[in-house]
Amino acid sequence: MTIESVKPETPPAVEPREPPRAGGGVPVLGHGWKLARDPLAFMARLRDHGDVVRLKIGPKTVYAVTTPALTGALALSNDFIIAGPLWESLEGLLGKEGVATANGPRHRRQRRTIQPAFRLDAIPAYGPIMEEEAHALTERWKPGETIDCTSESFRVAVRIAARCLLRGAYMDERAERLCVALATVFRGMYRRMVVPLGPLYNLPLPANREFNRALADLHLLVDEIVAERRASGQKPDDLLTALLEATDENGDPIGEQEIHDQVVAILTPGSETIASTIMWLLHMLAEHPEHGDRVRDEVQAVTGGRPVAFADVRGLRHTNNVVVESMRLSPAVWILTRRAVRDTELGGYRIPSGADIIYSPYAIQRDPKSYERNLEFDPDRWLPDRVKDVPKHAMSPFSVGNRKCPSDHFSMAQLTLVTAALATRYRFEQVPGSKDATRVGITLRPHDLRVRPVPR
Ligand code: HEM
């Protein structure tokens, strides 16, 4: 035996393969019609075709990633950036200079500016506002009346984001206007993204006029908030101060447009995602009263009967698991996109430079390959001895990598507190006429959930 013969052989370089094409496309529209008709079912079935699959959407080839491991690899890789049709339509409406759509050095600088406001050690300062808003929500409701969950959830989400991050007494009236503007803008924005009728949206139709008014009011409100803060001369320790004092790569103050777009880029995802999640939590409490009871019992054990406070959140393990399980089955953010910036590969599949890639946290989080009894609402699957069975990246509702949501701690704290406050005070029943089917928009939420609070 020669020395050469025992040398480990270098494995031959494996050429990345072409991803398989998903079945079911039709001439001209490709898979677009299925994606438009029933996007959730379509995305949930794609894993049967492969780990990475090619879709034809109109004339365009789009790559869908279907396994938890590869969605993690995608989010963590520098070969992919935030871009694509979804982002382009968002930029057109909300502004081009905010953190959610920036890439490269500008994005890194913007993340450094906003991150301190969301750090774990910054969250307790928001505690009193979160507490006040969570209790005010339940106190607004009269036993037996019908609650419009869409507007109530939006209201509390916007108020918490605006009052915590853009502090100031003046926020009260502004928060109300923000709620109205954001709810209308989100409704119209999704329509413009999925049905790109271009100039038809400029026609003076009532729906277009309402949308344009709401969008203009949103931008005006943000300008007013910034101007008023400047005029006050005050510099509270909050996100708005951080934005006003931020400097660019050259050490110069950032421009007015960037300040404006940053506020919009933080308020918009901050309200729509939280509002949708609260709607699903209300739905869960109505559909699974036994879990509402368990949450109430846990809260009582921790608080001894006094109103739940922010400081209690860390002790509310089951309540936290209820929130996580609700987010697993009904994730606010159900689709994410990236664009390849160079020829690259993912899981051994070739992805050409410029390709658009999509994946669905909804499909990943409901996948029977990752979750036993995948469609069952089971908060105990998040107990320490069971959570280890969940594959990595099979539950990343805030994503991972450099685009990870900055607000994971901020969001979980308020969602846990709101759920605790709701379940302690009431049981909930859906009322006749409530429409709880899933409405697919920029986020997922029930169509028109209406519940009746029944005092405990
Ligand atoms: C980004 C989810 C709440 C601000 C993201 C991303 C996800 C996400 C998945 C990453 C998008 C991507 O990878 O393309 C959620 C969920 C929330 C939530 C599930 C609540 C249930 C919030 C709140 C705020 C916020 C409350 C602000 C107050 C942002 C911002 C980004 C972002 C600014 C862009 C980050 C960047 O691109 O660097 N969010 N989010 N989110 N989120 Fe959230």
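Could you work out the helix-only [θ] at 222 nm for the chain, with each DSSP H run of four or more residues adding -39,500 (n - 2.57) and the total divided by the number of residues, to the nearest 500 deg cm²/dmol?
Working: 17 runs with 227 residues, N = 456.
When only DSSP H runs of four or more count, the value is -16000 deg cm²/dmol.
Keeping all protein chains in place, calculate the accessible area per residue for the chain (probe 1.4 angstrom), answer in Å².
Roughly 46 Å² per residue, with all protein chains present.
Run the dipole for segment 331-452 about the Cα centre, Lys and Arg Cβ at +1, Asp and Glu Cβ at -1, nothing else charged, and hand back the magnitude in debye, nearest 20. Mind dumping the intermediate values first?
On the way: 20 positive and 14 negative charges, 60 e Å.
The calculated dipole for segment 331-452 is roughly 280 debye.
If the cut-off is a Cα-Cα distance under 21 Å, which lysines reach Lys56, setting aside same-chain residues fewer than 8 apart in sequence?
Result set, ordered by chain and number: Lys34.
Report, in debye and to the nearest 20, how large the dipole of segment 61-129 comes out about its Cα centre when Lys and Arg carry +1 and Asp and Glu carry -1 on their Cβ.
280 debye
Compare the Cα positions of Ile129, Cys179, Leu165 along the charge dipole of segment 100-179 (+1 at Cβ of Lys, Arg; -1 at Cβ of Asp, Glu; about the Cα centre) and return the one farthest towards the positive end.
Of the candidates, Leu165 comes out farthest on the positive side.
Report ³J(HN,Hα) in whole Hz for each residue of segment 429-441, in order, from the Karplus equation J = 6.51 cos²θ - 1.76 cosθ + 1.60 where θ = phi - 60°; Gly and Pro get x.
3J(HN,Hα) across segment 429-441, in whole Hz: 10, 6, 9, x, x, 5, 10, 9, 5, 6, 9, 8, x.
Would you rank Asp408, Asp252, Asp237 by solvent-accessible area, highest first, keeping every protein chain in place and using a 1.4 Å probe?
Ranked list, largest accessible area first: Asp237, Asp252, Asp408.
I'd like to know which of Gly348, Tyr362, Met327 lies farthest towards the positive end of the charge dipole of segment 321-379, counting +1 on Cβ of Lys and Arg and -1 on Cβ of Asp and Glu.
The Cα lying farthest towards the positive end belongs to Gly348.
Starting at the first residue of segment 118-123, write each ³J(HN,Hα) from the Karplus equation 6.51 cos²θ - 1.76 cosθ + 1.60 with θ = phi - 60°, in whole Hz, x for Gly and Pro.
Working through the residues one at a time gives 10, 4, 3, 6, 8, 5 Hz.
Which of the three applies to segment 381-422, rounded, prolate or oblate, going by the alpha-carbon gyration tensor with a ≥ b ≥ c and a/c under 1.5 meaning rounded?
oblate
Hey, can you grab everything whose amide H is under 5 Å from the amide H of Thr344? Only 5+ residues off in sequence or another chain; H modelled, so Pro and N-termini drop out.
Answer set, sorted by chain and number: Ile351, Ser353.
Return the sequence-ordered ³J(HN,Hα) values of segment 340-351 in whole Hz as given by the Karplus equation 6.51 cos²θ - 1.76 cosθ + 1.60 applied to θ = phi - 60°, using x for Gly and Pro.
Values, residue by residue: 6, 9, 8, 5, 8, 9, 9, x, x, 9, 6, 10 Hz.
With unit charges on the beta carbons (Lys and Arg positive, Asp and Glu negative) and the dipole taken about the Cα centre of segment 169-313, which residue among Trp280, His260, Gly233 sits farthest to the positive side?
Of the listed residues, the answer is Trp280.
May I ask you to order 321-330, 290-299 by the average number of other C-beta atoms within 10 Å around their residues, highest value first?
321-330, 290-299
Take the Cα pairs of segment 122-175, get the Kirkwood Rh, then feed it into Stokes-Einstein at 20 °C and 1.002 mPa s and tell me D in µm²/s.
Working: Rh = 11.9 Å.
Here the translational diffusion coefficient equals 180 µm²/s.
Among 393-400, 198-205, 272-279, what's the highest-first ranking by average C-beta atoms within 10 angstrom per residue?
Numbers: 393-400: 19.4, 198-205: 9.8, 272-279: 26.6.
Taking the mean over residues of other Cβ atoms within 10 Å, the ranking is 272-279, 393-400, 198-205.
By what distance, in whole Å, do the Cα atoms of the chain stretch along each of the three principal axes, largest value first?
81, 52, 52
With +1 on the Cβ of every Lys and Arg and -1 on the Cβ of every Asp and Glu, and nothing else charged, how large is the dipole of segment 254-363 about its Cα centre, in debye rounded to the nearest 20? Show your work: numbers first, answer last.
Values: 10 positive and 14 negative charges, 58 e Å.
With Lys and Arg at +1 and Asp and Glu at -1, about 280 debye.
Which of the aspartates and glutamates could be linked to Lys369 by a straight reach, that is with a Cα gap under 15 Å, when you skip same-chain ones fewer than 8 residues away?
Asp48, Asp51, Asp389
The values are calculated or read from the model by the stated rules, or taken from the named source; none is laboratory data. As the structure is a computational prediction, the values presented were derived from the model and not from experiment. With ideal geometry, Cβ positions are generated from the backbone for all residues, glycine too; neighbour counts draw on all protein chains shown. Areas reflect the complete protein model, heavy atoms only, side chains present, ligands, DNA and RNA absent. Shrake-Rupley method; radii C 1.70, N 1.55, O 1.52, S 1.80 Å.
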